[in-house]
Structures are given as C-alpha cells and as structure tokens.
Amino acid sequence: MSENLKNLTGDQDGMATYDYIVNNVDSCIDSMPELVDNLRRADISGQFLASTARFLCAVDREKFAGWIQPLVEGAIEKDRERRYIGSLLQAIWGADYKERAEELKASDDTFRRIFKRVYPGDGI
C-alpha cells in the first residue's frame, strides 16, 4: 500500500478519498479496491460514495464498471435521508430514466432500489 493510501485510512468522512480519486483518476485503477473500501468505511452519509460513482461514470463508465456498482450500493445503504442517491438515477441511467422507469425497474435491481426510495409513491 502506498504512503498516500495509508494516509487515507484516517479519512474521517470520505472527502479526502474522493479528492484522491478525482486527482488521480488516470492512475488509481489498481488501488480501487482499497479506495472503495475506504469510502464505504468513512462516508457515513453516502455523499462521497454517490459523488464518486457519478464522477467515474462521467470519466469512463466501462473502465470503472467494476467499482461503480459497489459505490452505488454503499450510497444506497448510507443515504437514509435520500439526499444523494437521487442524483445517481440520471448520472447512471441517463436523462430519460423517468420515461424508461418501468423497464428499468423490471430489469435492474439497483435502479429499482434507488427509484423506490426517491419516488416511494410510484410503487413497483
């Protein structure tokens, strides 16, 4: 583990880990297991888990596909107030996610879980 990653183990809220990923996105792919674990440990609100998932989708969805799902799952678990997970709907499933909601709910459990929390009155 590099010295930078060792320093991130003391991250209190996930912001330092998020900043590290943003600033090192071109070279941090090999460290993603530790970085995602660190975010899941440190981020108590889901803010930085959701932000990191959105960022990695925007940068290179395919390259980071293996890490986006654990970040999204962590955000779902931590964001009890639904302050951050709603932003994942458009970032991951596109601007037309509302028009495709029924199809996505039937085919994608992660979408269904977020949609159900953000739009609880719409049912499944």
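The values are calculated or read from the model by the stated rules, or taken from the named source; none is laboratory data. The structure presented is a predicted model; accordingly, all values stated were derived computationally and were not measured. With ideal geometry, Cβ positions are generated from the backbone for all residues, glycine too; neighbour counts draw on all protein chains shown. We work out accessible area using only protein heavy atoms, side chains counted, and drop any ligands, DNA or RNA first. Shrake-Rupley method; radii C 1.70, N 1.55, O 1.52, S 1.80 Å.
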Scope the stretch 24-37; condition under 13 Å from the mean Cα position of the chain (by Cα) and over 17 Å from Lys63 (Cβ atoms); matching residues = Asp37
Within the stretch 75-98, the residues that are crowded, with 19+ Cβ neighbours inside 10 Å and under 20 Å from Val59 (Cα atoms) are Ala75, Tyr84, Ile85, Leu88, Leu89, Ala91, Ile92, Trp93
Residue check, Leu39 hydrophobic (A, V, I, L, M, F, W, C) and out of contact with any Cys (no Cβ under 9 Å at 6 or more places or on another chain) = yes
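Open to solvent by 90 Å² or more (accessible area, probe 1.4 Å) and in a helix (DSSP H, G or I): does that describe Arg41?
In short, yes.
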Test Asp19 against the stated conditions and say whether it is under 25 Å from Ser2 (Cβ atoms) and either assigned to a helix (DSSP H, G or I) or touching a residue at least 60 places away in the same chain (Cβ under 8 Å) (or both).
-> yes
Would you tally the residues in the stretch 52-74 being more than 18 Å from Asp19 (Cβ to Cβ) and buried (at least 20 other Cβ atoms within 10 Å of the Cβ)?
-> 2
The stretch 99-124, subset among the small types (Gly, Ala, Ser) and part of a helix (DSSP H, G or I), residue surrounded by the fewest Cβ atoms within 10 Å (Cβ to Cβ) = Gly121
